[in-house]
Amino acid sequence: MDPNYKIALLENIILMAAMLLGTLATAMLRQFIKAAIALAFTSVVLCILMFKLAAPWAAVFELSVCAGLITVVFISAVSLVRPATEEERAAHVRFKVRRYFLLPVVLLAVGCGLSYMPVRPLPLLATTELVTDMRALLWGPRALDLLGQILVLLAGVWGVVILFKEET
Amino acid sequence: MNLIALFMPFGIFIALMAVVGLYCLIVTRDMLRILLALEIITKAVTLLLIVGGAISGQMALAQTLVLTLIVIEVVVMVTAAGIVIAVFKHTGTLDVRRLRSLKG
């Protein structure tokens, strides 16, 4: 095997392991602020992986929107709800052990199962033509996606306006 | 070497991330934690799309789809966070077990 390929593979595995740790921290940390920061860390590592896989546009959006905006949204939401009482914190720790004890077993089973799974080439769908420029693709054949994105954004803004409308 | 075999480690880690997200979604009763679990699953899907683009050589198409996914993800998260806050204002709790207003 090519040594450069080995190094790249090792880098990718380290990054993906970091990402998995970030997701575990997001799922299991008690304080929401720390969980939101762990999620932002996961997004940053995903962004680095995207750059390494030659997807710079998606990486930039992931970094600015997911690692930035969504973290801010979560922290804002956390600051608007009541902090947990001592009793709730104690109950959370008690239940966390009971609820999450199966997770390592499930992860190990899935990981081992997939590692020993025979690798078969997947049939890829035939495409009409290969477009390498993302901008040409986004403003050309996928232009309808942009219209959908605009509509979804408007629906989201409208939903938030309705939710926070002062009752008269 | 087969391209699928080259990207196999990605597949395993993506599956593990999705499992963590699904597990958290199943066991948690906190509405904000449910949103975090959805985010974890979305991250796994985002990486899956990019890896799919790298395997098929259609990276431009994959990036376009990821862009759309990110926009939808943000809108869903913002609206869901708004709903969570509104529910908290009405009920004073984030525990889904205590949301019984619509129970028949």
* **Failed criterion for A:I13 (all others in (1) more than 30 Å from B:L94 (Cβ to Cβ); (2) surrounded by 15 or more Cβ atoms within 10 Å (Cβ to Cβ) hold)** => (2)
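Conditions tested, residue by residue: (1) open to solvent by less than 30 Å² (accessible area, probe 1.4 Å); (2) over 18 Å from A:A27 (Cα atoms); (3) hydrophobic (A, V, I, L, M, F, W, C).
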{"position": "B:L22", "(1), (2), (3)": "no, no, yes"}
{"position": "B:R33", "(1), (2), (3)": "yes, no, no"}
{"position": "B:L69", "(1), (2), (3)": "no, yes, yes"}
{"position": "B:I83", "(1), (2), (3)": "no, yes, yes"}
* Hits in segment B:3-37 - residues which are of a type outside the set (A, V, I, L, M, F, W, C) and either in contact (Cβ under 8 Å) with a residue 24 or more places away in the chain or at positive phi (or both) -> B:G11, B:R29, B:D30
* Answer yes or no as to whether B:A54 is surrounded by fewer than 21 Cβ atoms within 10 Å (Cβ to Cβ), over 15 Å from the mean Cα position of the chain (by Cα) and within 9 Å of chain A (Cβ to nearest Cβ). => yes
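Return the only residue of B:L49, B:L36 being more than 8 Å from chain A (Cβ to nearest Cβ) and in a helix (DSSP H, G or I).
On the way: B:L36 fails: more than 8 Å from chain A (Cβ to nearest Cβ).
That would be B:L49, the only listed residue that is more than 8 Å from chain A (Cβ to nearest Cβ) and in a helix (DSSP H, G or I).
Report, by residue number, each residue of segment A:41-51 that is open to solvent by 20 Å² or more (accessible area, probe 1.4 Å) and either in contact (Cβ under 8 Å) with a residue 12 or more places away in the chain or within 9 Å of chain B (Cβ to nearest Cβ) (or both). Steps first, answer last, please.
Going through segment A:41-51, the residues open to solvent by 20 Å² or more (accessible area, probe 1.4 Å) turn out to be A:41, A:44, A:48, A:51.
Across segment A:41-51, the qualifying residues are A:F41, A:V44, A:I48.
Within segment A:82-97, is even one residue among the small types (G, A, S), in a helix (DSSP H, G or I), in contact with a helix residue (DSSP H, G or I) (Cβ under 9 Å, 6 or more places away or on another chain) and facing chain B (nearest Cβ under 10 Å)? Working first, answer last.
Step one: list which residues in segment A:82-97 are among the small types (G, A, S), which gives A:84, A:90-91.
Then drop every residue that is not in a helix (DSSP H, G or I), which leaves A:90-91.
With the extra rule that they be in contact with a helix residue (DSSP H, G or I) (Cβ under 9 Å, 6 or more places away or on another chain), the set shrinks to none.
Taking every residue of segment A:82-97 in turn, none turns out to be among the small types (G, A, S), in a helix (DSSP H, G or I), in contact with a helix residue (DSSP H, G or I) (Cβ under 9 Å, 6 or more places away or on another chain) and facing chain B (nearest Cβ under 10 Å).
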* Asked: In segment A:52-64, what count of residues is obtained for those that are in contact with a Ser or Thr (Cβ under 9 Å, 6 or more places away or on another chain), facing chain B (nearest Cβ under 7 Å) and not charged (D, E, K, R)?
  -> 2
* So A:A77 fits all but one of (1) open to solvent by less than 60 Å² (accessible area, probe 1.4 Å); (2) at pLDDT 85 or above; (3) out of contact with any Cys (no Cβ under 7 Å at 6 or more places or on another chain); (4) within 20 Å of A:M19 (Cβ to Cβ); what number is the exception? -> (4)
* To do: Those residues that are more than 9 Å from every other protein chain (Cβ to nearest Cβ) and out of contact with any Leu (no Cβ under 8 Å at 6 or more places or on another chain), I need them from segment A:65-81; list them, please.
  => A:A67, A:G68, A:V72, A:I75, A:S79
* Residue by residue through segment A:16-37, note down the ones that are of a type in the set (A, V, I, L, M), more than 9 Å from chain B (Cβ to nearest Cβ) and more than 16 Å from A:L63 (Cβ to Cβ). => A:L21, A:A25, A:L29, A:I33
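The values are calculated or read from the model by the stated rules, or taken from the named source; none is laboratory data. Nothing here was measured: the structure is a model prediction, and the numbers come from that model. Cβ atoms come from the backbone with ideal geometry, glycine included; neighbour counts cover every protein chain shown. Note: areas computed on protein heavy atoms with side chains; ligands, DNA, RNA excluded. Shrake-Rupley method; radii C 1.70, N 1.55, O 1.52, S 1.80 Å.
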